[in-house]
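Student: Here it is, the structure, as structure tokens.
Every read-out reported here was derived from the displayed coordinates using simple, explicitly stated rules and does not represent laboratory data. None of these values were measured; they are calculated from a predicted model. Positions of Cβ are backbone-derived with ideal geometry, glycine not excepted, and every protein chain shown enters the neighbour counts.
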Amino acid sequence: MTARTDTKDRILASADRLLRSHGFNGFSYQDIARPLGIRNAAVHYHFATKADLTVAVVESVRKLLHDRTEHFMAHGGDARLQMEGFLVFSIRECAADGCVCPVGALAADFFALPEPVQAAARRLVDDLVTWMTRVCTLGSEQGSFRFEGDPADKAREILAALQGARQLSRVLGPSAIEAVAEQLRRDLGIAGA
């Protein structure tokens, strides 16, 4: 890894943390540069605008989702394991970074965001809904999940519940998302399974 790539990765990691903790309008390039010991110009070198930087953060989350779900999306697999993995990931991520994911961080100011950031957020949500719909569809077909209605609707319900739980956990602590995850397990018929 070159120094330039390392700096870019450090900038992205810092921007991701700041986006999740303060929202799009709650941080500046100086907030990124100062703790990294670099100049604002170094941030601008890699990301000309804050919109460019935020799009890169969202796209890095999309890549993580793709990398972790690619095989399942292409070949199927155990939907229960996918669901449990996502619930555990959400709980751990919430405990580690103060709960809010990039979607939640961007949602509050969504209509005031630059169009490229809105488009990136929509792509991430579309990816999440597509993946969760596949999990719900296969879980139902495999007899692992119990629910009524359309798998896409169930997928949106699960994602909305977890997003809301992340927000509540900021105020109430991690027990909020843990309780919601357990309720989702009960709703799907996989609690204690």
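Student: From the C-alpha coordinates alone, can you work out the Kirkwood hydrodynamic radius of region 1-86, in Å?
Tutor: Across region 1-86, the inverse of the average 1/r is 14.5 Å.
Student: While we're on this one: Within region 102-193, list the GluC sites (Glu not before Pro) lying in a DSSP loop whose Cβ has at most 11 other Cβ atoms in a 10 Å radius.
Tutor: Glu148
Student: Ok, one more. Please work out which option in (i) 11.8; (ii) 11.0; (iii) 14.9 gives mean projected area of the Cα convex hull in nm² calculated from these coordinates, and answer with its label.
Tutor: Looking at mean projected area of the Cα convex hull in nm² for this model, the match is (i).
Student: Within region 96-193, list the trypsin sites (Lys or Arg not before Pro) lying in a DSSP loop whose Cβ has at most 13 other Cβ atoms in a 10 Å radius.
Tutor: Here the trypsin sites (Lys or Arg not before Pro) that fit, given the DSSP loop and packing criteria, are Arg146.
Student: Would you mind calculating the gained length between Thr5 and Glu157 on full extension (0.36 nm times residue separation, minus the Cα-Cα distance), in nm to one decimal?
Tutor: 50.9 nm
Student: Separation between the Ala191 and Asp127 pseudo-spin-labels, each 7 Å from Cα along Cα→Cβ, expressed in nm?
Tutor: Taking the two extended label points, one gets 3.3 nm.
Student: What does the helix-only formula give at 222 nm for the chain: each DSSP H stretch with n ≥ 4 adding -39500 (n - 2.57), the total divided by the residues, and the result rounded to the nearest 500 deg cm²/dmol?
Tutor: That calculation yields -26000 deg cm²/dmol at 222 nm.
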